[in-house]
Amino acid sequence: MNGRVTSGEGQARGFIEAASELLTDALGFRPYPGTLNLENAGRLESLSAERHPIPGDDHCEGIVTRSCRIGGLRGAVVEPIVPNYPDEKTELVAPVRIRSVFDLADGSEVDLTAADRCDGAWNPTIDGRSIDAFDGVVFDLDKTLLTLDVDWPAVHRDVEALLESVLEKPLPTYTRLEVFELAAKAGRSDELESLLADRERAGARTANSRPLLDVVADLDCPVGICTANAERAAEIALERFGALGDVDAIVGRDTLAQDKPHPRTLLEVVRTLNVAPGNVLYVGDEETDAELAVAAETSYAHPDQFRGDGV
């Protein structure tokens, strides 16, 4: 689904503010007080519609909402149930002002996807200076903020040797979580964790920064890290670049009983930051990061979307 941005009549702010509590309960995020207006959107019937009555309002019977994602960010099409509401009008709400985050202008094309999908052909550029409009921002670590200096092929060879007795196929064909399950089956979980953590901590001491790391210090909102690497490795790497003090919470592979992409990992960071997941942005480089954002009901962005002066 797509449409083109157009200017509205400037009346949405008051309506969204008045209906903010209803919309927050219905959508799972607190909406920015304003809407993004689209023309020629069409095909909205593919988005599930929910009707929310407004008792006692003689003019507006309620609101129809259709949850979606806009370039990975959480959002919803909202339609007040009022007389003569234009069929061709499409209004979107989101946790932040979409025009600012994506630097949209009238005529810009916008793609919408279902709420349970972060993938899509439309990957709009994000101004990194604008993302602290979210209540909190959580980053993946390796290949998002920095790159750990780890010889992963050598690590894989050591893991293969460690788990040789239980491997039924080549190691690269297993998912990361499956490898840990095999280690548990072989009674070698502690050895596997020690092997990985040692290599990651060493690699953290000589890690290389990535452009997005420069954004962290300038964010005027709580910042967290949710990583599949060891928690101490994350601390060492961030400390190397003077960024550890800019981070308010870290959840690593060894922080909880669950590991990424289990939603509890990201939700634990969100809980520590004392913010609501619906108003959080999660940034990560892998497909499992997008899946994690959907499962935890946060907004999502890929590091490659951050370009230009805002990085």
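Every number in this text was worked out from the coordinates using simple rules, so none of it is lab data. Just so you know, these numbers come straight off a predicted model, no measurement behind them. Quick reminder, even Gly has a Cβ in these numbers, built from the backbone with ideal geometry, and neighbours come from all protein chains shown.
Within 12 Å, Cβ to Cβ, of residue 200, how many net charges do the neighbouring residues add up to if Lys/Arg are +1 and Asp/Glu are -1?
-3
To the nearest 20 debye, what is the magnitude of the charge dipole of the chain about its Cα centre, counting +1 on the Cβ of each Lys and Arg and -1 on the Cβ of each Asp and Glu?
I would put it at about 160 debye.
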> Relative to the first principal axis of the alpha-carbon coordinates of the chain, what is the inclination of helix 189-205, with its axis defined by its Cα atoms, in degrees from 0 to 90 and to the nearest 10?
Replying inline: 80
>> What is the angle, in °, between the Cα long axis of helix 152-162 and the longest principal axis of the Cα atoms in the chain? Nearest 10 is fine, range 0 to 90.
In response: 60
> Which angle from 0 to 90°, rounded to the nearest 10, does the C-alpha axis of helix 263-273 make with the longest principal axis of the chain?
Replying inline: 70
> Once you treat every alpha carbon in the range 1-146 as an equal point and sum by Debye, what is log10 I(q)/I(0) at q = 0.11 Å⁻¹?
Replying inline: -0.41
> Peptides 242-250, 109-117: what's the order by average Cβ count within 10 Å, highest mean first?
Replying inline: 109-117, 242-250
> With θ set to phi - 60° and the Karplus curve 6.51 cos²θ - 1.76 cosθ + 1.60, what are the ³J(HN,Hα) couplings of the range 64-73 in order, to the nearest whole Hz, using x for Gly and Pro?
Replying inline: 9, 10, 10, 5, 7, 10, 10, x, x, 7
>> What does the net charge come to around residue 161 if you take all other residues with beta carbon closer than 13 Å to its beta carbon, with K and R at +1 and D and E at -1?
In response: -2
>> For the ranges 297-304, 278-285, what's the packing order if you count other beta-carbon atoms within 10 Å of each residue, average per peptide, and put the highest first?
In response: 278-285, 297-304
>> For a quick check, take a GNM of the chain with Cα springs below 10 Å and name the residue from 35, 265, 147 with the largest mean-square fluctuation.
In response: 147
> Calculated from DSSP H runs of 4 or more alone, at -39500 (n - 2.57) each and per residue, what is the 222 nm mean residue ellipticity of the chain, nearest 500?
Replying inline: -8500 deg cm²/dmol
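Let me check I've understood the local charge: for residue 89, count other residues with C-beta under 14 angstrom from its C-beta, Lys and Arg +1, Asp and Glu -1. What total comes out? Display every interim value, and only then the final one.
Working: positive: 4, 66; negative: 9, 39, 79, 87, 88, 91.
With Lys, Arg at +1 and Asp, Glu at -1, the net is -4.
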> Just the Cα atoms of the chain: what Rg and Dmax do they give in Å?
Replying inline: 21.8, 72
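How do 15, 29 rank when sorted from fewest to most other Cβ atoms within 10 Å of their own Cβ?
The fewest-first ordering by Cβ neighbours comes to 15, 29.
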> Sorted from largest down, what three extents in whole angstroms do the Cα atoms of the range 152-205 have along their principal axes?
Replying inline: 34, 20, 17
